[in-house]
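Here's the structure, in structure tokens; my notes come after.
The values are calculated or read from the model by the stated rules, or taken from the named source; none is laboratory data. Treat the numbers as computed from the prediction; the structure is a model and nothing was measured. Quick reminder, even Gly has a Cβ in these numbers, built from the backbone with ideal geometry, and neighbours come from all protein chains shown.
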Amino acid sequence: MSESPAPMKTVAVVGKPGPPEEARLAAELAAWLSKRGIEVHFDVDTAKALGKDDGLPRGTLPEAVDLVLVAGGDGTLLSVARMATPRGVPILGVNLGGLGFLTELQPDELFPALEDVIAGNYKIEERQTLRVRYRRGDRTVKEYALLNDAVITKAALARMIDLIVRVDGDVVAKYTSDGLIIATPTGSTAYNLSAGGPILDPRMQAFVIAPICPHKMTYRPLVVPGTVQVHVTLGETREEVYLTLDGQVGYPMEPDDSLIVDTHPCPVRLVRVSGRNFFEVLRRKFRWGER
């Protein structure tokens, strides 16, 4: 957890498309921030809902921006993290979705908390980010910075797929399974948890490697240091196999395609102002530890 930087001057607001409450909140935000001399930019969908035609295209941020305020759920925050992380822009999440595990505030907490944020009275929590390089042969097809996970799964209902996993060049296993999850500590409470993997404290630097419905009972989720490089190669298969990144971006994979996964040099920077810790969120959102 690092100390807060300078007070905010420019804020980008990215909303969850569709809900009318997001448009109402965006209008209130625009008026509230403008009154305090803060320059406000909206994503294209939110701007359109407010009758404006100067919205930012999805996947873009202004050149100079001090904060991205995400009005939505965890999915909206994940999409923003992919574009904000490489630039080091901090993110403040306001939950307008369902679970809202990653978001910092509830709507009724927003404006009192913003008083502190624009004055610089907040903390930045840095979360480990996955750097995922999707390779075909010797060529890197795509590279992403992810907050949650990279998942390889089969699309068919029948046969399992073979995935060879190496850590720093050493063979870990040849997994015969429905797929594989590589998750950050933040992503450990997402698909990994549903697949039987462990919960990791998000302050850790580590990866979870979790097979999905493995053929052998001896296959179990594995936690490795965040300093290693994980290499996953898809074996021969007649099934349709897909790579999914943070549950939002996907690519069909072919035999011998591979992933190189390590820690991205730029962490995700989350604004913390509510004072709630990770374990409190676990208890409140998941009823963790209750009988």
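Just a few scattered comments:
- Test: residue 26 is at pLDDT below 90, out of contact with any strand residue (DSSP E or B) (no Cβ under 7 Å at 6 or more places or on another chain) and closer than 21 Å to residue 61 by Cα: no
- Residue check for residue 118: within 13 Å of the chain's Cα centre (by Cα), among the β-branched types (Val, Ile, Thr) and within 21 Å of residue 42 (Cα to Cα): no
- For the stretch 277-287, the criterion of being of a type in the set (D, E, K, R) and at pLDDT 90 or above is met by none of the residues.
- The single residue among 246, 262, 168 that is among the charged types (D, E, K, R), over 12 Å from residue 153 (Cβ atoms), surrounded by 22 or more Cβ atoms within 10 Å (Cβ to Cβ) and out of contact with any Cys (no Cβ under 7 Å at 6 or more places or on another chain) turns out to be 246.
- Enumeration of residues in the stretch 202-227 that are assigned to a loop (DSSP other than H, G, I, E, B) and either crowded, with 17+ Cβ neighbours inside 10 Å or over 21 Å from the mean Cα position of the chain (by Cα) (or both): 202, 213, 214, 215, 216, 217, 218, 219, 220, 221
- Close pairs from the stretch 192-217: first more than 14 Å from residue 181 (Cβ to Cβ), partner among the hydroxyl-bearing types (Ser, Thr, Tyr) and not in a strand (DSSP E or B), Cβ under 6 Å, at least 6 apart: 202/186
- Reported count of residues in the stretch 125-159, each being within 18 Å of residue 256 (Cβ to Cβ), in a loop (DSSP other than H, G, I, E, B) and either touching a Lys or Arg at 6+ places or on another chain (Cβ under 7 Å) or without any contact (Cβ under 8 Å) to a residue 40 or more places away in the chain (or both), is 1.
- Failed item, numbered, when residue 199 is tested on (1) modelled with pLDDT of 95 or more; (2) surrounded by 15 or more Cβ atoms within 10 Å (Cβ to Cβ); (3) among the β-branched types (Val, Ile, Thr): (1)
- Residues in the stretch 122-165 that are of a type in the set (Gly, Ala, Ser) and surrounded by fewer than 18 Cβ atoms within 10 Å (Cβ to Cβ) were compared, and the one that is farthest from the chain's Cα centre (by Cα) is 158.
- All of 270, 282, 245, 200 fail the test of being closer than 15 Å to residue 131 by Cα and of a type in the set (A, V, I, L, M, F, W, C), apart from 245.
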